[in-house]
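The values are calculated or read from the model by the stated rules, or taken from the named source; none is laboratory data. Computed from a prediction, not measured in an experiment: that's the story for all the values here. Using ideal geometry, Cβ is built from the backbone for each residue, glycine included, and neighbour counts are taken over all protein chains shown.
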Amino acid sequence: MSNLIVLGAQWGDEGKGKMVDLFSEKFDLVVRYQGGHNAGHTVYIGPVKYVLKLIPSGILRPGVQAVIGNGVVIDPAALLDEIATLEKAGIEVAKQLVISNRAHVIFPFHRIVEKMSEARKDRTAIGTTSRGIGPCYEDKIARRGVRIADLLDTGNFRALYENLIDDKKTVAEAFGIPFDIDAAALRTQYEEFAERIRPMVADSSTLLRDAMNGGKNVLFEGAQGTMLDIDHGTYPFVTSSSASAGGACTGAGVPPTRINGVIGVSKAYITRVGGGPFPTEDHTEVGEQIRKAGKEFGAVTGRPRRCGWFDVPLLRYTTAVNGFDSLIITKLDVLDELERIPVCTAYKVNGRTTTDMPATNRELESIEAVYETLPGWKSSTRGLTSLDALPEAARRYLDFLQDKTGVEVGCVSLGPERSETIVVPGSRLEKLLG
Ligand code: GDP
Ligand code: IMO
Ligand code: MG
């Protein structure tokens, strides 16, 4: 029996959705614990493509309970859209989905606040997903947010909502910005949303603890990645939630003592969407080649992802923060055509060589990556089902990553489909998966 966290070890889009979908076969519940519909988790089941945003990828397995935890921020319109899309595809969402009564609610004015903040001329834009995620978390931390339970509390919602609207109006007026939201119409719309989601809302942390006590297995599905974590990421170019392992406990309401393992998902290279420091970014045509081969365009916004090389100091840092038991290396196949593959093994910061992660944006921006270059394998790895079948150079590449990061590579992904995966026999990951 085990309760596992699967999360991003880089800047997101590592292939978490694919892995969570694959592993969910062995779990009773799959839980999202942070973020919102800024996430885009792609899953292929045969030729059929699903992009999960707010709903845990486990929903695609009949019988698996999918839980949206208290740490998530929910735009009810986006949630209902996603539910409708999945139901159209034949998935029994109403039967499988549980929504935390303590999750916070995103309103359209959160998106407006975000747009204003991103458009400010006196600061560099973060390059957010424009989903209202940050401003909703701001209201949560400022203790004026509206939670799902409040939305459903017919007698009290109006007062809480009007408080929040007044607050936004006051700020907008102070900055001379027109506040042209029809507050009453929006309230009515949200009251309608409330009735549609009411049957799925529950005290999800109690449900999860009861499930664990009853011997059920729970898989926690991270969104974003550790380098986008509000505390541990490349601040301020981060998201507004705790994307690292600690976030699973606070964002789902489960005790740390019930977690049996933490699995990091990392690409065989690295990508980033939006602004912010990126020490191993490749601006040449090789970076472009990776973007093409890896289809590196945002699942949510369609933006081209910035591409670069595997970064060992970064992986060692995210391993330290999360305590990874095992690493999953995805998209190894994307490197199939390369002659040579650089791997960053150290940073030069202000002329000093280090493997530590600097804290300030100024230092992060000044990092000069130090590379070791490994030979490529120049042959297709798609469809290979055992490590022995991999070209020798590909095996050497994986061994190199394992040695340098100090964590086992417990799984290798060689394509977007479930079958295109090798779980390493005898690995800690294999044992944790039972
Ligand atoms: P997530 O946000 O971490 O779930 O990742 P995304 O879904 O945003 O991006 C990962 C993309 O890579 C998706 O389009 C996946 O279908 C695809 N993918 C996942 N694993 C592999 C792999 O091993 N090889 C290839 N070629 N594509 C993969
Ligand atoms: P998944 O779960 C990659 C990035 C945005 C931006 C920053 C802040 O699919 O891996 P936000 O809208 O969250 O305030 O934007 O975070 N970002 C992601 N990048 N994958 C994601 O999710 C992301 N979610 C947010 O591009 O740089
Ligand atoms: Mg994604």
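Can you tell me which residue within region 17-71, out of those that are within 12 Å of ligand 3 (Cβ to nearest atom) and in a strand (DSSP E or B), is nearest to Glu430 (Cα to Cα)?
Val43
Would you check if there is a residue in region 389-401 being more than 24 Å from Met19 (Cβ to Cβ) and within 27 Å of the chain's Cα centre (by Cα)?
No, region 389-401 contains no residue that is more than 24 Å from Met19 (Cβ to Cβ) and within 27 Å of the chain's Cα centre (by Cα).
Taking strands (runs of 3 or more DSSP E) that fall entirely within region 308-359, which contain at least 1 residues that are surrounded by fewer than 23 Cβ atoms within 10 Å (Cβ to Cβ)?
Qualifying strands (runs of 3 or more DSSP E): 340-349, 352-354.
Which members of region 170-184 meet the condition of being within 32 Å of the chain's Cα centre (by Cα) and under 14 Å from Met116 (Cα atoms)?
Scanning region 170-184 gives Val171, Ala172.
Scan Leu7, Leu80, Leu86 and give me the residue that is within 23 Å of Gly274 (Cβ to Cβ), at pLDDT 95 or above and not in a loop (DSSP other than H, G, I, E, B).
Leu7
Return yes or no: is Asp81 crowded, with 21+ Cβ neighbours inside 10 Å and either within 16 Å of ligand 1 (Cβ to nearest atom) or farther than 22 Å from Asp203 by Cβ (or both)?
no
Which residue pairs have Cβ atoms under 8 Å apart, sit 6 or more places apart or on different chains, and have a first residue in region 39-53 that is closer than 17 Å to Ser130 by Cα and among the basic types (Lys, Arg) and a second that is in a strand (DSSP E or B) and near ligand 3 (Cβ under 8 Å from one of its atoms)?
Lys53/His41
Can you find even one residue in region 277-288 that is acidic (Asp, Glu) and within 16 Å of ligand 1 (Cβ to nearest atom)?
From region 277-288, those acidic (Asp, Glu) are 281-282, 285, 288; that's our starting set.
Now narrow it down to the ones that are within 16 Å of ligand 1 (Cβ to nearest atom): none.
No, that holds for no residue.
Would you confirm, using the coordinates I've provided, whether Met212 is assigned to a helix (DSSP H, G or I), within 16 Å of ligand 2 (Cβ to nearest atom) and not polar (S, T, N, Q)? Can you show your working first?
Values: assigned to a helix (DSSP H, G or I): yes; within 16 Å of ligand 2 (Cβ to nearest atom): no; not polar (S, T, N, Q): yes.
The answer is no for Met212.
For residues that are more than 14 Å from ligand 2 (Cβ to nearest atom), surrounded by fewer than 21 Cβ atoms within 10 Å (Cβ to Cβ) and assigned to a strand (DSSP E or B), tally how many sit in region 231-289.
Residues flagged as more than 14 Å from ligand 2 (Cβ to nearest atom), surrounded by fewer than 21 Cβ atoms within 10 Å (Cβ to Cβ) and assigned to a strand (DSSP E or B) within region 231-289 amount to 1.
Taking the conditions exactly as written (out of contact with any strand residue (DSSP E or B) (no Cβ under 6 Å at 6 or more places or on another chain) and of a type in the set (A, V, I, L, M, F, W, C)), does Ala248 satisfy them or not?
Against the criterion (out of contact with any strand residue (DSSP E or B) (no Cβ under 6 Å at 6 or more places or on another chain) and of a type in the set (A, V, I, L, M, F, W, C)), Ala248 does not qualify.
How do the pairs read when you match residues in region 378-397 that are closer than 21 Å to Arg418 by Cβ with residues anywhere that are among the polar types (S, T, N, Q) and surrounded by 16 or more Cβ atoms within 10 Å (Cβ to Cβ), using Cβ under 9 Å and keeping only pairs 6 or more apart or on different chains?
From residues that are closer than 21 Å to Arg418 by Cβ, the pairs are Thr385/Thr421; Ala389/Thr381; Leu390/Thr381; Ala394/Thr381.
So, in region 31-52, exactly how many residues are within 13 Å of ligand 2 (Cβ to nearest atom) and surrounded by fewer than 19 Cβ atoms within 10 Å (Cβ to Cβ)?
2
I'd like the full set of residues that are touching a strand residue (DSSP E or B) at 6+ places or on another chain (Cβ under 6 Å) and of a type in the set (Phe, Trp, Tyr), limited to region 256-289.
Phe278
From the list Arg123, Arg143, pick out the single residue that is farther than 18 Å from Val238 by Cβ and among the basic types (Lys, Arg).
Testing whether each residue is farther than 18 Å from Val238 by Cβ and among the basic types (Lys, Arg) leaves just Arg143.
Which residues, taken from region 201-246, are closer than 22 Å to Arg258 by Cα, among the acidic types (Asp, Glu) and away from ligand 1 (no atom under 16 Å from the Cβ)?
Scanning region 201-246 gives Asp203, Asp210.
Would you call Ser241 under 24 Å from the mean Cα position of the chain (by Cα) and away from ligand 3 (no atom under 16 Å from the Cβ)?
It is false that Ser241 is under 24 Å from the mean Cα position of the chain (by Cα) and away from ligand 3 (no atom under 16 Å from the Cβ).
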